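The values are calculated or read from the model by the stated rules, or taken from the named source; none is laboratory data. Everything numeric in this text was worked out from a predicted model, so none of it was measured. We place every Cβ from the backbone using ideal geometry, glycine too, and count neighbours over all the protein chains shown. Side chains included, ligands, DNA and RNA excluded: accessible areas come from the protein's heavy atoms. Shrake-Rupley method; radii C 1.70, N 1.55, O 1.52, S 1.80 Å.
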Amino acid sequence: MKLTATRLLRVGGPPLVFGTTLLCVVVAMALIGPIVYPGSPFSIVGDPLLPPGSSFPLGTDILGRDIAAGLVHGARASLFVGVVATLVAVIIGTCIGAVAGYAGGYTDALLMRLTEVFQTIPAFVFAILILAIFTPTISNVVITIAIISWPPVARLVRAEFLSLKQREFVLAATGLGFNRLHIIFREMLPNCLSPIIVMGSLMVATAILIESGLSFLGLSDPNVMSWGYMIGAGRSVLRSAWWVCTIPGIAVALSVLAINLLGQGINDVLNPRLRT
Amino acid sequence: MTKLIDATCSRRTALKLALGGGVAFLVPWGLTSSALAADSPQSGGTMIFLVQPEPPSLALYASSSGPIEQIGTKIYEGLLEVDAKLQPAPGLASEYSIADDGLSATFKLRKGVKWHDGEPLTSADVQFSFMEVLKKLHPRASISLKNLVSVDTPDDATVVMKFSAATPYLARVLSGKDTPIVPKHLMAGKDLKNLDLANRPVGTGPYKFVEWRRGQFVLLEKNQDYWREGLPRPDRLVGRFIADAATRVAALENSEVHLAALGAIPAIEAKRLDALPYLNMSTEGYGSLSSISLLEFNTKVHPFDKKEVRQAVSHVIDREYIVQNIFQGFGTPAKSCLSSQFSAIGINPGDLPNYPRKQDLARAAELLDAAGLKPDASGIRAEVVHDIIPYGEEWRRLGEYIKQALEQVGIRVTLRYEDAATWTRRLYTEYDFQFSSTYHYHLIDPVLGAHRFFLSSSIKPGVPYVNVTRFSNEKVDKLLEQAMVELDREKRAGLYHEFQAIIADEMPSLHIHDMQFATVSNTVVMEHSTSGLGPYGPWYDLWIKAA
């Protein structure tokens, strides 16, 4: 079975194509943006609250900062936080889940109770708490989102490992005398990568949303322009200058939609039940 | 819920009545209202105002919290009142005199004043209020009346206060807001911190307490036996609590409430509401707060240990821009380190150096050069961290503006935004900061609100809102100590002029703007800010105009 373009289109359908295209636009924005808008997105470049279409295509915000510049710089911050936080969460979750699933017994019980402790705390409230204790900087935001996001990954990987453990190839590898690390990382993990990838791609969207939510509440790095920050800073003028928070709001919505569609599409493609 | 809204004042209720009671009801209502619509004060009606947030108690005698003051000042009264020009006026005391040496003051109580439960007010109540309650429980009065040693009561209607040192601002801290007179017969011999009276206040004021429904409203009704004949005018006052800001705005827009004061309506919404034909905005009545925004420098660490650097910052920031764009036009650029509200006591100086009207980057560069901060190859003179006071969005915008502004002269700024507890500890306990934004309440006299930020004796590690810049100047200490007891208005003004000139030069803190707050009210509410206390005034002359 090969992942040809036609197959992708047939299995993933228009949503996958749409999601991918949209995400490419966002990534392109993040990459090209700083070339089009060099300098700080915080620079005050014009009169405050100019509507879109004037000398600034997307208007200016409450301090006269270019919203288009904020949007492209914000794309970088949002994608960076989304991707890095997810990577960290996936790595933590995979390690804990793999060890728990493979080892079983007390180790499993201990690690799963630990996971449950994290799962029982409402994620967003927990994030607010962590950031309120530590200074909100971009690295702390990434760490916080990773801390609240890893438990589902751990549970998923553990479940996969529990079922893989009994399979012949794993028993064979054990019988051949491979050490445990080899069995976990070289034999078992590659066989449960597809669900992890699907979950991870959806988690990027969640991470972007959480970052936006935290920025909206003022818990973001004040030196970094992000979409959530723009929405939060603009909400006080929502009724007199709609564009200040509407434009970054649309950007968040579209990016999250794109990533969700992409994740759904990847799921469809990788799901063995849909394979033909 | 009880129907609290007067039919004449709410379009919504009027509509409901029209729908429910038939159109016939609406016709006479329309006629009567047009017949009554005159500009002479009218009695009757219910006045509904927003109080935000809901207060924890109504113990005005033990708290200086804004919501408690908004409600409590209608129930309790002081010996004196504060007029529109922030000058003392007669209250429960019909006349008073202060001795030339400032060590004693005599007050004649008004005759026939009764508590809401019918007991007469006597000088014993006044004595008890000051000596047993206010000096011990009230956070501001315990400071402003520090020098009060005794209150004598030669007869039922005479009160004589004795002081250990002169108190130049005495007559201005005796209003119901600052020092309410409380009923001795309901408090004496009881645990003052745990009284039923705290939640069911009994005063002498124009309105009586009726009911407090938690989470919803406090209901007050007209005091029929009020000592001012024919006053107050409204039949009822209702203080409503609405937790959500957007709902509060909508309540004003729908005329469900008549008035919203400090904190209830976001500044930018106040401007928008002001544009509606049936709503008015006023910034009067907050003079006794004397709120001023500023940057505080750590004068012990690089680079703000040099006064030239601090002065340079003052030339870089555009105060007018800050007022207009960050604080939505609420306020005026600061011209000295003391609130402009102190013009009421004549201590505002003329133009001082280092408070430029406009940004002056050339002068700032000169000052930085003089301080030895030369630009390096990439044009950077210094790198600093700016702490943002964690009390709302405006301060974040201010931080972002300061970052942009200082980068124009080669000072690279990193912003730091922490939660209130961390910020307080960083500044006031650890002094681990370079400069931070903040705002101070200078209150009704510099002694009460401003001295503590400049005196060497106020450098107290671990105590919040004192001298955090650790600026220490013998001359300043001496001037402020003299001003504390100087009774002569002219001499006192001279002392403060000299003090402000020293601070303008040394600039341990850089004052940005005199803050203003908004009261938004329906056009049917008349005379709500006739006293200098505005929403914190007694509101006996307020009236509701029939629609």
Restricting to the range B:318-345, name every residue that is surrounded by fewer than 21 Cβ atoms within 10 Å (Cβ to Cβ), in contact with a strand residue (DSSP E or B) (Cβ under 7 Å, 6 or more places away or on another chain) and within 14 Å of chain A (Cβ to nearest Cβ). B:Glu320, B:Phe327
Hey, could you check the range B:289-317 for residues that are in contact (Cβ under 8 Å) with a residue 12 or more places away in the chain and of a type in the set (Asp, Glu) and say which is farthest from the other protein chains (Cβ to nearest Cβ)? B:Glu308
Is one or more of the residues making up the range B:458-467 at pLDDT 90 or above and crowded, with 19+ Cβ neighbours inside 10 Å? yes
From the options A:Met188, A:Met225, A:Met199, A:Met203, residue that is modelled with pLDDT of 90 or more, over 30 Å from A:Thr135 (Cβ atoms), open to solvent by 10 Å² or more (accessible area, probe 1.4 Å) and touching a helix residue (DSSP H, G or I) at 6+ places or on another chain (Cβ under 7 Å): A:Met199
Given the criteria modelled with pLDDT under 95 and crowded, with 24+ Cβ neighbours inside 10 Å, does A:Asp47 qualify? no
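Test of understanding: among B:Ala141, B:Ala166, which residue is among the aliphatic types (A, V, I, L, M), closer than 15 Å to B:Leu448 by Cα, touching a helix residue (DSSP H, G or I) at 6+ places or on another chain (Cβ under 6 Å) and surrounded by fewer than 20 Cβ atoms within 10 Å (Cβ to Cβ)?
Answer to the selection: B:Ala166.
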Is there a residue being charged (D, E, K, R), open to solvent by 20 Å² or more (accessible area, probe 1.4 Å) and within 14 Å of chain B (Cβ to nearest Cβ) anywhere in the range A:231-253? yes
State all residues of the range B:265-288 that are more than 14 Å from every other protein chain (Cβ to nearest Cβ), open to solvent by 20 Å² or more (accessible area, probe 1.4 Å) and in a loop (DSSP other than H, G, I, E, B); if no residue qualifies, say none. B:Pro277, B:Tyr278, B:Thr283, B:Glu284
Within the range B:418-437, the residues that are surrounded by fewer than 18 Cβ atoms within 10 Å (Cβ to Cβ), of a type outside the set (Ser, Thr, Tyr) and not in a loop (DSSP other than H, G, I, E, B) are B:Ala420, B:Ala421, B:Arg425, B:Arg426
Sole exception among (1) more than 8 Å from every other protein chain (Cβ to nearest Cβ); (2) open to solvent by less than 30 Å² (accessible area, probe 1.4 Å); (3) outside any helix (DSSP H, G or I) for B:Tyr391, by number: (2)
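Which count do you get for residues in the range B:405-417 that are more than 14 Å from B:Phe433 (Cβ to Cβ), open to solvent by less than 30 Å² (accessible area, probe 1.4 Å) and at the interface with another protein chain (Cβ under 10 Å from one of its Cβ atoms)? Explain how you work it out, then say what you get.
Step one: of the range B:405-417, the residues more than 14 Å from B:Phe433 (Cβ to Cβ) are B:405-412.
Those still in the list that are open to solvent by less than 30 Å² (accessible area, probe 1.4 Å) too: B:405-406, B:409-411.
With the extra rule that they be at the interface with another protein chain (Cβ under 10 Å from one of its Cβ atoms), the set shrinks to B:405.
Of the residues in that region, 1 qualify.
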Quick check on the range B:247-264: of everything there that is closer than 30 Å to B:Glu77 by Cβ and of a type in the set (A, V, I, L, M, F, W, C), which residue is farthest from the other protein chains (Cβ to nearest Cβ)? B:Leu259
Taking the criterion of being in contact (Cβ under 8 Å) with a residue 60 or more places away in the chain and under 25 Å from A:Val26 (Cα atoms), would at least one residue in the range A:93-113 satisfy it? no
B:Glu383 meets each of (1) crowded, with 22+ Cβ neighbours inside 10 Å; (2) within 30 Å of A:Ser215 (Cβ to Cβ) with one exception, condition (1)
Test of understanding: among B:Val238, B:Val257, B:Val218, which residue is part of a loop (DSSP other than H, G, I, E, B), crowded, with 17+ Cβ neighbours inside 10 Å, touching a residue at least 40 places away in the same chain (Cβ under 8 Å) and assigned by TED's automatic domain parsing to the domain that holds B:Gly537? B:Val257
Considering only the range B:337-345, I want to know if a residue exists there that is under 22 Å from B:Val476 (Cβ atoms), part of a loop (DSSP other than H, G, I, E, B) and either touching a Cys at 6+ places or on another chain (Cβ under 7 Å) or of a type outside the set (A, V, I, L, M) (or both). yes
Hey, does the range B:224-246 have a residue that's of a type in the set (D, E, K, R) and more than 30 Å from B:Leu79 (Cβ to Cβ)? yes
Does B:Arg233 qualify as being surrounded by fewer than 20 Cβ atoms within 10 Å (Cβ to Cβ), touching a residue at least 24 places away in the same chain (Cβ under 8 Å) and farther than 30 Å from B:Pro508 by Cα? no
Filtering the range B:394-404 down to residues that are facing chain A (nearest Cβ under 7 Å) and more than 25 Å from the chain's Cα centre (by Cα), which residue is surrounded by the most Cβ atoms within 10 Å (Cβ to Cβ)? B:Glu400
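Which residues, taken from the range B:346-380, are open to solvent by less than 40 Å² (accessible area, probe 1.4 Å), among the aliphatic types (A, V, I, L, M) and part of a loop (DSSP other than H, G, I, E, B)?
B:Ile347, B:Leu352, B:Ala371, B:Leu373, B:Ile380
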